[in-house]
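The values are calculated or read from the model by the stated rules, or taken from the named source; none is laboratory data. This structure is a prediction, so every number in the text was calculated from the model and none was measured. Cβ placement follows ideal geometry from the backbone for every residue including glycine, while neighbour counts extend to all protein chains displayed.
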Amino acid sequence: MKTFKMFLGIFLMILALTSCVVGPAGPVGLAGPEGNANVVSSTVEVGSNDWVYDANGSCWVLDLSWNEIDVDMVDYGAVLVYFENPNPSVLAWHQLPLTLYPSSLYSSTMETSYYDYGLSIFWTNSDLQQHENPCYLYGSNLTFKIVLIDATVYMDYQDTDFSNYETVKQLFNLQD
C-alpha cells in the first residue's frame, strides 16, 4: 500500500507539471529600464582618518569592506576601482592603478588588492618617503567608485575597455 501511495504521488506530480499551459504575453512597455542585476556599484567617500600609514610597506593604506566581493567575484569576475580627481579643473574618474604627479620631485601610485569581502587601496610615493596623508595632499576627502561585474557578465564583455567609467556607467545603466 505504501508503494502504491508513493507511485500515485509521483504520477500526480508529473501530471501536474506536464499539463501546464503557457498563457498570453503581458502588455508591452510596462517593464522598468534595462539594467543588470549582476553588476553592482558603490561610491565611497573617504577622509583622512580612513587612511593608515604602513611603515613596512612605505605606503598609505585604505581598507574597504564590502560583502558583495566574494571568492567568485575575485577569481572570475571583475572588481573595478575608479578615483575621482578632486581638482576642479580635472574632475573626472580615473581607473586604478593610477600614477599621479603631485610634485616635480616624486610621483604617487594608487594600486588595489582584492580579497573576500573587501579591498585595499595602496598609495605609494616613488621616493618611498612618508608624505602627507592623501586627503591632505588634495585638501579634501577623496571619492572612489567601485564596480563589481559578475563572472557571467564579465565573460560577455571581455573586449570592452573598462578604463573609462562613463562607458561602464552607460553600458550597465549604473546610477550615481
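Brief remarks on what is shown
- The set of residues from the range 140-160 being in a loop (DSSP other than H, G, I, E, B) and either farther than 29 Å from residue 102 by Cα or among the aromatic types (Phe, Trp, Tyr) (or both) comprises 150, 157, 158, 159, 160.
Yes/no per residue for (1) among the β-branched types (Val, Ile, Thr); (2) touching a Gly at 6+ places or on another chain (Cβ under 7 Å); (3) closer than 30 Å to residue 152 by Cβ:
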position: 74; (1), (2), (3): yes, no, yes
position: 80; (1), (2), (3): no, no, yes
position: 86; (1), (2), (3): no, no, no
position: 90; (1), (2), (3): yes, no, no
position: 102; (1), (2), (3): no, no, no
position: 105; (1), (2), (3): no, no, no
position: 112; (1), (2), (3): yes, no, yes
position: 116; (1), (2), (3): no, no, yes
position: 134; (1), (2), (3): no, no, no
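- Number of residues in the range 103-117 that are more than 17 Å from residue 46 (Cβ to Cβ), touching a strand residue (DSSP E or B) at 6+ places or on another chain (Cβ under 7 Å) and not aromatic (Phe, Trp, Tyr) equals 2.
- Restricting attention to the range 114-129 and to residues that are of a type in the set (A, V, I, L, M) and at pLDDT 90 or above, the residue that is farthest from residue 97 (Cα to Cα) turns out to be 119.
- Unmet criterion (only one of (1) in a helix (DSSP H, G or I); (2) modelled with pLDDT of 90 or more; (3) buried (at least 17 other Cβ atoms within 10 Å of the Cβ)) for residue 137: (2)
- Filtered residues of the range 30-62 (kept if at pLDDT 90 or above, over 22 Å from residue 169 (Cα atoms) and of a type in the set (A, V, I, L, M)): 52, 55, 61, 62
- Selection status of residue 65, modelled with pLDDT of 90 or more, surrounded by fewer than 18 Cβ atoms within 10 Å (Cβ to Cβ) and of a type in the set (Gly, Ala, Ser): yes
- The set of residues in the range 46-82 that are polar (S, T, N, Q) and in contact with a helix residue (DSSP H, G or I) (Cβ under 6 Å, 6 or more places away or on another chain) contains only 48.
- Residues in the range 134-149 that are under 16 Å from residue 80 (Cα atoms) and either touching a helix residue (DSSP H, G or I) at 6+ places or on another chain (Cβ under 7 Å) or free of Cβ contacts under 8 Å to residues at least 60 places away in the same chain (or both): 145, 147, 148.
- Looking across the range 118-129 at every residue that is more than 13 Å from residue 46 (Cβ to Cβ) and surrounded by 15 or more Cβ atoms within 10 Å (Cβ to Cβ), the one that is nearest to the chain's Cα centre (by Cα) is identified as 122.
- Unique residue being among the charged types (D, E, K, R), modelled with pLDDT under 90 and surrounded by 13 or more Cβ atoms within 10 Å (Cβ to Cβ) when the list is 84, 111, 132: 132
- For residue 163, the conditions (1) touching a Ser or Thr at 6+ places or on another chain (Cβ under 8 Å); (2) within 17 Å of residue 81 (Cα to Cα); (3) polar (S, T, N, Q); (4) not in a strand (DSSP E or B) are fulfilled apart from (1).
- Any hit, the range 95-102, residues being over 25 Å from residue 41 (Cβ atoms) and at pLDDT below 90: yes
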